[in-house]
Amino acid sequence: MLFFNKGNKSSKLEKKQSLKTVVMTAFAASALLFSTVSASAAGSFKLTTVYHVYHNQQYIGTVSDKEVVKKIVEEKEDKFKESMKDLDLKFGSDIEYIKEQVFHSTANNSEVSKKLESAIQLQAEASSIVIDGQPVVYLKNKETAEDVINRLKLTYVTQEQLNEVEARKAAPTAELPPLAENETRILDVTVSKNVSLETEKVTPDKIMTAEEAVTLLQKGTLEEKKYVAQEGDVLGAIANNHGLTLVDFIALNPGLTEDTVVKIGQEVNVTALKPYLEIIVQKEVNQKEAIPYANETVNDESMPKGETKVKQQGQNGERSVNYRVSTQNGITISNEVTSEVVLSQPINHIVVKGTKVIPSRGNGNLAWPTSGGYVSSQQGQRWGKSHKGIDIARPSNRTIKAADNGTVVSAGWDGGYGNKIVVDHQNGIRTVYAHLESIGVSVGQTVSQGSAIGVMGSTGNSTGIHLHFEVYKNGALQNPLGYLK
């Protein structure tokens, strides 16, 4: 509907009182005039009818015929109808007239027409979406406003789900059936704020389409948001973390440039859009989930230390869980377990670990073979050829120690290695100790982890005093640093 702007009841009463005053004044003036003229003389004068025009309690002027005003109104109506063809328009008017008969007409039709042309403000009856008491958007009718709210909800649920929710609200006592496996059921779809629809009269330019209204309610208005710079922050990272381009971020913070270094504690503007409305979806979800198995270790004194075996393979259990989930604009804000049923119990994964110490058998964890020192040369290519082990130099003393329990399988001179010892740890691992000044063990001798087996030196192809140390696993060369503890 479209109306000329009308006042409230109070202003109507005031207007009528004001108009009555004008009428009484006009009659009083006429009576005074007639009292000064004789009855015979009065008959010689011809009276003219004029109309005093008032709009919104404001005097506009005087016209000789109400048709002058009616024409202006009709032209205004026709012009508006042409631009608002899709609206079902009806018009009203709060223009009022005071009729008076006068001897000399003071009517000025042209002046009144001009004033009315600019004074008349056509208004449409619209349906407003009111959020927390404040009208935010105006739509052409209630049906369109309801459609906008519905469209917002359909961003996060389907029409079918929404229909189911409305049907349950119509029969609130109906008991819900248990959820099927992996089923999701929407319990309710609401808006985040207090929303109502009201009928208001507004100028036509304020009426939005449904699409425009949905976009505005989703994006909202700008709400200023601040961020305090932390250690290591740079402008690009701050902008990216808040969904802004660097250009937009700098535009929000006058005084900053691309080369600016932010200081710890510096406050910057990271303005973000705040929606007018957010959609809250309450749902219940059934999920079949695994119950992780536990790892269990059992010590076995009859099994050599360092050996392990799987006694029982672990197997996950299974449970059926019902969750009550709340989302706000698609983001989960709460997730609560409401019930669960264990379908199968998990089976522990059991590993048997040997604890029996055998003097000639290692446990697989190699100890550092010197008294301190550092790696002076890594394993890999060196001087155009492969360096098979690591070099350890500058220990606190020159004692060389067995890296693990084992049996000496080689002890003597070996060309470029100089004095060399090889220990078999009886678990697939062998260690090599080279360039020794002297050897303190013999072939076949059992050694324990950390026991002295020789003295560091520089025999063979050596450029200085150090230990050359190699590790083999099942005959394959290994990187010692992966075994040393």
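Numbers below:
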item	result
Failed item, numbered, when Ile238 is tested on (1) among the β-branched types (Val, Ile, Thr); (2) touching a Phe, Trp or Tyr at 6+ places or on another chain (Cβ under 7 Å); (3) touching a residue at least 60 places away in the same chain (Cβ under 8 Å)	(3)
Matching option when the condition is among the small types (Gly, Ala, Ser), at pLDDT below 50, surrounded by fewer than 14 Cβ atoms within 10 Å (Cβ to Cβ) and under 30 Å from Lys142 (Cβ atoms), among Ser10, Ser83	Ser10
Near pairs, Cβ below 8 angstrom, 6+ apart or cross-chain, from the stretch 57-83 (under 19 Å from Ala124 (Cα atoms) and of a type outside the set (A, V, I, L, M)) to any residue that is modelled with pLDDT under 90 and exposed (fewer than 13 other Cβ atoms within 10 Å of the Cβ)	Lys76/Glu117
Answer from Ala411, Ala434 - the residue that is assigned to a strand (DSSP E or B), out of contact with any Asp or Glu (no Cβ under 9 Å at 6 or more places or on another chain), among the hydrophobic types (A, V, I, L, M, F, W, C) and touching a residue at least 24 places away in the same chain (Cβ under 8 Å)	Ala411
Matching helices (runs of 4 or more DSSP H) fully within the stretch 179-274 where at least 3 residues are farther than 30 Å from Gln287 by Cβ and within 19 Å of the chain's Cα centre (by Cα)	210-219, 235-241
Boolean, Thr463 is modelled with pLDDT under 95 and of a type in the set (Ser, Thr, Tyr)	yes
Checklist (1) within 18 Å of His387 (Cβ to Cβ); (2) of a type in the set (Phe, Trp, Tyr); (3) loosely packed, with under 14 Cβ neighbours inside 10 Å applied to Tyr483, failing item	(3)
Selection count where residues are closer than 26 Å to Ile95 by Cβ and in a helix (DSSP H, G or I), scope the stretch 113-170	7
Residues located in the stretch 245-283, provided they are touching a residue at least 40 places away in the same chain (Cβ under 8 Å) and more than 30 Å from Val157 (Cα to Cα)	Glu267, Val268, Asn269, Val270
Any chance Ala229 is surrounded by fewer than 17 Cβ atoms within 10 Å (Cβ to Cβ), small (Gly, Ala, Ser), within 22 Å of Val270 (Cβ to Cβ) and free of Cβ contacts under 8 Å to residues at least 40 places away in the same chain	no
Yes/no for Gly460 being surrounded by fewer than 17 Cβ atoms within 10 Å (Cβ to Cβ), of a type outside the set (D, E, K, R) and not in a strand (DSSP E or B)	no
Filter pass, Tyr323 being within 34 Å of the chain's Cα centre (by Cα) and aromatic (Phe, Trp, Tyr)	yes
For Asn182: the one exception among (1) on the phi < 0 side of the Ramachandran plot; (2) surrounded by fewer than 13 Cβ atoms within 10 Å (Cβ to Cβ); (3) of a type outside the set (Val, Ile, Thr)	(1)
Residues being touching a helix residue (DSSP H, G or I) at 6+ places or on another chain (Cβ under 9 Å) and either surrounded by 19 or more Cβ atoms within 10 Å (Cβ to Cβ) or in a loop (DSSP other than H, G, I, E, B) (or both) - total across the stretch 370-405	5
Among the residues listed as Gln445, Gln379, Gln426, the single one being under 18 Å from Ser360 (Cβ atoms) and in contact (Cβ under 8 Å) with a residue 40 or more places away in the chain	Gln426
Total residues in the stretch 292-332, condition at pLDDT 95 or above and assigned to a loop (DSSP other than H, G, I, E, B)	6
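The values are calculated or read from the model by the stated rules, or taken from the named source; none is laboratory data. Treat the numbers as computed from the prediction; the structure is a model and nothing was measured. All Cβ positions, even for glycine, are placed from backbone atoms using ideal geometry, and neighbour counts span all protein chains on display.
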